[in-house]
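In what follows, a single structure is set out as structure tokens and then discussed.
The values are calculated or read from the model by the stated rules, or taken from the named source; none is laboratory data. Keep in mind it's a predicted model, so treat the numbers as computed, not measured. Using ideal geometry, Cβ is built from the backbone for each residue, glycine included, and neighbour counts are taken over all protein chains shown.
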Amino acid sequence: MVTLQIPIDDSLKKQADSLFSSLGLDTSTAVRIFLNASIENAGIPFSVKHKDVPDSLQEAVYDSRYRRNLNGPYSDAREAVKSMLEE
């Protein structure tokens, strides 16, 4: 048998311990379950993806990346806020 050591943030460890404890597991058992499920599924046993983002936000990100539909530049913050409040 081998010991697996993984450096993780203290807060993450505490949250994981609490979650797994509420399920009647310790963190080591939960990790073994994950590893076994990964082998059985020949990959990560759940979807790895970004959270759903509203279409309007996705469009705004696209616009900013491709410098489309941008306003400004503004001389100060008041001018920028005023522009945001205009319809």
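Observations
- Evaluation of Asn69 against (1) among the polar types (S, T, N, Q); (2) on the phi < 0 side of the Ramachandran plot; (3) at pLDDT below 85 (one fails), failing number: (2)
- When region 74-87 is filtered for residues that are surrounded by 10 or more Cβ atoms within 10 Å (Cβ to Cβ) and either aromatic (Phe, Trp, Tyr) or in a loop (DSSP other than H, G, I, E, B) (or both), only Tyr74 remains.
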